[in-house]
1. Measure of size requested: the Rg and Dmax of region 345-426, with Cα atoms as the atom set and Å as the unit; please supply both.
2. Divide, for region 297-339, the radius of gyration over alpha carbons by 2.2 N^0.38 Å, where N is the residue count.
3. I need the peptides 163-174, 82-93, 202-213 ranked by packing, meaning the mean over residues of other C-beta atoms within 10 angstrom, with the highest value on top.
4. If you fit an axis through the alpha-carbon atoms of helix 261-271 and take the longest principal axis of the Cα set of the chain, what angle between them do you get, 0 to 90°, nearest 10?
5. Treat the count of other C-beta atoms within 10 Å as a stand-in for reagent exposure and order 363, 330, 252 from fewest to most.
6. Provide the percentage of antiparallel DSSP beta bridges, counting only those with both residues in region 3-142; round to the nearest 5.
7. Starting with the fewest neighbours, write out 75, 283 ranked by other beta-carbon atoms found within 10 Å of each beta-carbon.
8. Which value in nm describes the separation of the simple spin-label points at residue 405 and residue 299, placed 7 Å from the Cα toward the beta carbon?
Ligand SMILES: [Zn+2]
């Protein structure tokens, strides 16, 4: 059995690993890496002569964004994923296609390719074993975003566990991966793992206690709305719903406006009632009764200057309605922009936090309103990563989906603490397991 790393190795972005078993070829994820102008696709993956099947861990575009490209290059194969990942991936792919068209970036695939992706999907239920060609596979809740899965693959006498992105502890909307973890260990599913392929986004970093960060966040909103308005940029998937649920814990004297892609995402998430969701009835109540949903430009313009709390996309200020709201409030020091998540390098969000300016309508704008960041995360931080890896106790540990420093920090710890081989492959590397 051989693994080839086409992306997401010593980097965050374009996740894509090829698994070769006997004469069969499978892929774990097919993402894109977004750059200031355009994107990068997985390395060499389009040169493959044939792919038998693709396992998709979750909907985020750094794991799913290259799927339409695959179809475009006629590498058509079955895609295995959960029902919610299928629905949410669809929305994200359509949205990114639309944005690429608006910005005149060449999306490198055509609209029909999106339908082909949809038609290629085979729905996988959580905690159920399936067979396909020479592999047996099973998906477990990864606690990262709705639909997200860890994938167990048995082939060629080896047990491989691919974590995708995961969070061990629960958040407002997601039950953490730890929820039925002991059950999976006791049942033998997650015992005797030969190869663990683990994400390391927060390797070497400890996040502050979630409840403390949440309290500070809500206190700050209460303080600001006494004299000004608050804009809360969110990721449409996961963070938007977490923030709504946090806001449900207090009474607010001003309206809450809910705008952007998060409206569509929340509607889709509420359509089903999967067991891994936390607080679904409360989310339903918030979404349908306590917030003002903004879906039309006319209404947006009407509420724009109102005194209130705005929850909207995009989370890194790279587009979406959030920029229009900020454009309308940045000059008043009584207002505040409260960031809620990880900011990639060279995004507007990172510029705002580190340099105090952002680009609005192409203009560099030094903002006068208050700016703060609250570290919420859909990933496991360093202590959670260590706890998880220790429990799995694999024979071989592969660390990826992290900056080189993050992956290497986890490697140094694992080599000391566990008796296993640890690898931090680079893009293009191959690892063989006999
Ligand atoms: Zn993700």
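Where a number appears in this text, it was derived from the coordinates with a stated rule and is not lab data. Everything numeric in this text was worked out from a predicted model, so none of it was measured. As a convention, Cβ positions derive from the backbone with ideal geometry for all residues, glycine included, and neighbour counts pool all protein chains shown.
1. 18.6, 54
2. 1.10
3. Top of the packing list down: 163-174, 82-93, 202-213.
4. With rounding to tens, the tilt is 60 degrees.
5. Ranked by crowding around the Cβ, least crowded first: 363, 252, 330.
6. 60
7. 75, 283
8. 4.4
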